[in-house]
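A short worksheet on the structure shown next.
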Amino acid sequence: RCSIINEMLIRTNFHMKTKIFLFPLFYFLLSGCSDKHAVKDFEWLEGNWEGEDSGLSFYENWKFDNENSMTGLGGAFQGWDTVFKEVLKIQNIEGRIFYIATIPGNPGPVHFKLVSHENNKVIFENSSHDFPEKITYKYQLNGMLHVLLEGIKKGEKMKEELYYIKTK
């Protein structure tokens, strides 16, 4: 949407009266083209989170690096065995907020763009990634953190839900 509006502004050759009339409209539309959120908006996520489901223990630990970045470590255990681990980051990159997951064995980090943020709920998406394509974090009134992962796995739509309790 933003690139179309920018092209219209650049290529349009209206008369001056038309430009004066349309400028406020284009300005209003363009104002929604940049993220108005900052990494500090995610302060509710900071800390150590733990959960358990079907004999699997999982965790995420988040801390602020600076005003433009926070880092998380995530993983899952079954008994004493590590099943999964990842390095996470929420970072401001050129005015946009991204959730970045780095998983050992993957060719590189996967970037998910912030697409929605309201109150204590955030949604990040990367439609070119298989699973997950969409990551939702929601801090609930009961103090729990609900994480919803959605996407395509082995050709089928999948959804995984994780519930965490803050331990620190």
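The values are calculated or read from the model by the stated rules, or taken from the named source; none is laboratory data. These figures come from a predicted structure and were not determined experimentally. Glycine gets a Cβ as well: all are built from the backbone with ideal geometry, and neighbour counts include every protein chain shown. To get the accessible areas, we keep the full protein, side chains included, count just its heavy atoms, and leave off ligands, DNA and RNA. Shrake-Rupley method; radii C 1.70, N 1.55, O 1.52, S 1.80 Å.
Side notes on the structure shown:
- Considering residues of the stretch 36-83 that are open to solvent by 40 Å² or more (accessible area, probe 1.4 Å) and among the hydrophobic types (A, V, I, L, M, F, W, C) only, the residue nearest to His117 (Cα to Cα): Phe64
- In the stretch 109-132, the residues that are within 13 Å of Glu86 (Cβ to Cβ) and out of contact with any Asp or Glu (no Cβ under 8 Å at 6 or more places or on another chain): Pro109, Val110
- From the options Thr136, Thr102, residue that is polar (S, T, N, Q) and closer than 18 Å to Met158 by Cβ: Thr136
- Which listed residue is modelled with pLDDT of 95 or more, open to solvent by less than 60 Å² (accessible area, probe 1.4 Å) and among the acidic types (Asp, Glu), from Glu161, Glu125, Glu86: Glu86
- Within the stretch 113-135, residues that are in contact (Cβ under 8 Å) with a residue 40 or more places away in the chain and farther than 19 Å from Gln91 by Cβ sit with their Cβ atoms under 9 Å from residues that are in a loop (DSSP other than H, G, I, E, B) and open to solvent by 60 Å² or more (accessible area, probe 1.4 Å), at 6+ positions apart or across chains, in these pairs: Asn120/Leu141.
- Being surrounded by 14 or more Cβ atoms within 10 Å (Cβ to Cβ), touching a residue at least 60 places away in the same chain (Cβ under 8 Å), within 15 Å of Trp62 (Cβ to Cβ) and out of contact with any Asp or Glu (no Cβ under 6 Å at 6 or more places or on another chain) is a property that Tyr99 lacks.
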